[in-house]
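FYI, it's all coordinate maths here, none of it is from the lab. Since we're looking at a predicted model, the values are computed, not measured. Methodologically, a virtual Cβ is constructed for each residue, glycine included, from the backbone with ideal geometry; neighbour enumeration extends over all protein chains shown.
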Amino acid sequence: MEASEVSSITESNKEYFNKDASTYDTHPARVLCAKKCAEAILREVKDPEGYEVMDFACGTGLISQDLCAHVKSVLGVDLSQNMVNEYNKKVLEQGIDKEEMQAICSELKESEGDQLNGRKFDLIVCASAYHHIDDVESTTRVLASYLKQGGELIVLDLKKQPEISHMFHGGELEKIFLATGMLENVSSKVAFNLSKKIEKDEHTFEWFLVKGKKI
Ligand SMILES: C[S@@+](CC[C@H](N)C(=O)[O-])C[C@H]1O[C@@H](n2cnc3c(N)ncnc32)[C@H](O)[C@@H]1O
């Protein structure tokens with residue numbers, strides 16, 4: 001993909017999610033989906049109490065909120081400033097310590113190197129967002145680079161449906177994880193099923209989970 005195409009997809013995502021931010025949590029299906037993603041993540045990790053977690057493409061913090069009670073800290077990262085504002089508003093309103101949960105607005109571009117001053121994570125999660133990302137190979141390399149040795153990357157997303165061609169199979173992402181050269185013990189599974197209405201028709205979607213461990 002041309003660099004100009006990548007930046008225009010990123011810009012339109014930013015615009016779309018900036019508009020969507022203030023009403024995002026009013027959609028019960030999105031809240032339910034995030035809950036199921038957080039539960040699936042917590043099923044994958046043993047003893048996460050001391051974990052420093054990054055929630056990449058964190059949105060309004062639905063996943064971070066559920067993880068926060070079980071780990072040491074969660075840093076949300078999102079492209080959309082309005083999503084980040086909603087996230088941090090939630091932290092303030094719920095009286096959560098900023099050291100435990102906070103979000104920053106960043107794309108974490110590969111070309112810009114380390115953008116977090118050497119900060120590394122025990123667990124990086126990304127839920128329901130990979131199908132929005134234009135260069136998943138680059139994003140996966142960037143996310144792997146922010147893991148501590150032995151830390152885990154967990155990506156959840158909708159499984160490819162014949163009628164929605166831009167989404168992935170877990171198997172495709174497994175290859176992308178391995179191609180980073182930074183991840184081992186890579187595996188994927190179906191995490192849960194969710195019904196979703198598309199133009200009056202009810203479809204059942206599988207949400208897959210792919211995980212890998214930093215070498
Ligand atoms: C469907 S929402 C999911 C939010 C959250 N993960 C959840 O499950 O509630 C997708 C999110 O991905 C973010 N996003 C899209 N492209 C991104 C990128 N290149 N870098 C960071 N975040 C991105 C959007 O701003 C949006 O907040």
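General remarks:
- Computed from backbone phi, the HN-Hα couplings of the range 70-82 come to 10, 10, 6, 7, 10, 9, x, 10, 8, 6, 9, 4, 5 Hz, rounded to whole numbers (Karplus: 6.51 cos²θ - 1.76 cosθ + 1.60, θ = phi - 60°; Gly and Pro given as x).
- Charge dipole (the chain, unit charges on Cβ, about Cα centre) - positive-most of THR23, ALA191, VAL142: ALA191
- Cβ-based net charge around LEU75, under 12 Å, with every Lys or Arg adding one and every Asp or Glu removing one: -2
- Scalar couplings 3J(HN,Hα) for the range 42-51, obtained by applying the Karplus form with A = 6.51, B = -1.76, C = 1.60 to θ = phi - 60°, are 5, 5, 7, 10, 9, 6, x, 3, x, 6 Hz; x denotes Gly and Pro.
- Shown is the FRET efficiency for THR26 and LYS72, computed with R0 = 25 Å from the Cβ-Cβ distance and rounded to the nearest 0.05: 0.25.
- Positive-end ranking of ASN82, GLY171, LEU116 along the dipole of the range 3-214, with charges on Cβ about the Cα centre, is headed by GLY171.
- Those lysines that a straight Cα-Cα span of less than 22 Å connects to LYS19, excepting residues fewer than 8 apart in one chain: LYS89, LYS90, LYS196, LYS197
- The alpha-carbon of LYS160 sits under 12 angstrom from the alpha-carbons of these aspartates and glutamates, leaving out residues fewer than 8 places away in its chain: GLU172, GLU206.
- Among the GluC sites (Glu not before Pro) found in the range 49-132, those both in a DSSP coil and sparsely packed, with 10 or fewer other Cβ atoms within 10 Å of their Cβ, are GLU49, GLU99.
- Environment charge at TYR130 (Cβ cut-off 12 Å; Lys +1, Arg +1, Asp -1, Glu -1): -3
- Scoring 27-36, 139-148, 75-84 by mean Cβ neighbours within 10 Å over their residues and listing the highest first yields 75-84, 139-148, 27-36.
- Ranked by the mean number of other Cβ atoms within 10 Å per residue, highest first, peptides 19-26, 131-138 order as 131-138, 19-26.
- For the range 21-58 versus the range 133-155, the gap between their alpha-carbon centres in whole angstrom: 17 Å
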